[in-house]
Amino acid sequence: MSLLDKETVKRVEILLKEFDPLQKVIILDTSARTALEASSSLGCEVGAIVKSLLLKTDNTFTLCLVAGDKKASLNKIKKILNKKDASMASAEEVKNITGYTIGGVSPIGLLNKIDILIDNSLKRFNSLFAAAGHPNSVFKISFKNLKKITNGSIKEITE
């Protein structure tokens, strides 16, 4: 079975094609589970990899899209969300909320409607690569189109 046949990858591909018929999911021979692995597999800078990090605050979740060479700042994110507490979601929460497993969390095709924050430092790259529902699949997108397809808010969310 091809990775393109997996339900999670199909979900991403359908949304990509609706957004732009020329968009496609890229299947990699090597893993893109981490930003470093993805940049190595794609031959791009680590910062051009979009990390999709699910944060939990009280009973809500927020997806943070962070450059591969940056670390999310919980303090900045808590201030933006006006919350006292924020932590990384558990693997089980990630699966239940996004419909994806860690290492393949796509910023599109989420099972639940949640707010998305986009790291403003991602705009320094012409092309970005985000997970497409599986650790061996990604899609290429511009910063402007990432904002458009996710309806995310651009914020300073890194250390």
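The values are calculated or read from the model by the stated rules, or taken from the named source; none is laboratory data. As the structure is a prediction and not an experimental result, all values here were calculated from the model. Don't worry about glycine lacking a Cβ; one is built from the backbone with ideal geometry, like all the others, and counts go over all protein chains shown.
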Of the residues in region 1-18, those that are part of a helix (DSSP H, G or I) and surrounded by 14 or more Cβ atoms within 10 Å (Cβ to Cβ) come to Leu3, Leu4, Thr8, Val9, Lys10, Arg11, Val12, Glu13, Leu15, Leu16
Of all residues in region 89-124, count the ones that are buried (at least 18 other Cβ atoms within 10 Å of the Cβ), of a type in the set (Gly, Ala, Ser) and either touching a helix residue (DSSP H, G or I) at 6+ places or on another chain (Cβ under 6 Å) or assigned to a helix (DSSP H, G or I) (or both). 2
Checked region 116-127 for anything in contact (Cβ under 8 Å) with a residue 40 or more places away in the chain and farther than 15 Å from Ser41 by Cβ; matches are Ile116, Leu117, Ile118, Asp119, Ser121, Leu122, Arg124, Phe125
Looking only at region 65-88, filter to residues that are in contact (Cβ under 8 Å) with a residue 40 or more places away in the chain and of a type in the set (Gly, Ala, Ser); which one of those is surrounded by the fewest Cβ atoms within 10 Å (Cβ to Cβ)? Ser73
Do we find a residue being assigned to a helix (DSSP H, G or I), touching a residue at least 60 places away in the same chain (Cβ under 8 Å) and closer than 17 Å to Ala131 by Cα anywhere in region 43-64? yes
Looking at (1) assigned to a helix (DSSP H, G or I); (2) within 16 Å of the chain's Cα centre (by Cα); (3) at pLDDT below 95, can you tell me which one Ala32 breaks? (1)
Look through Lys56, Lys147 and report the one residue that is basic (Lys, Arg) and over 12 Å from the mean Cα position of the chain (by Cα). Lys56
Is it the case that some residue within region 90-104 is charged (D, E, K, R), farther than 27 Å from Asn126 by Cα and within 14 Å of the chain's Cα centre (by Cα)? yes
Exactly one of these conditions fails for Pro21: (1) surrounded by 15 or more Cβ atoms within 10 Å (Cβ to Cβ); (2) modelled with pLDDT of 95 or more; (3) more than 19 Å from Phe143 (Cβ to Cβ). Give me its number. (1)
Can you run down the residue pairs with Cβ atoms below 6 Å, 6 or more apart or on separate chains, where the first is in region 133-147 and of a type in the set (Lys, Arg) and the partner is surrounded by fewer than 18 Cβ atoms within 10 Å (Cβ to Cβ) and in a helix (DSSP H, G or I)? none
How about region 125-134: which of its residues are part of a loop (DSSP other than H, G, I, E, B) and either under 12 Å from the mean Cα position of the chain (by Cα) or among the aromatic types (Phe, Trp, Tyr) (or both)? Phe125, Ala132, Gly133, His134
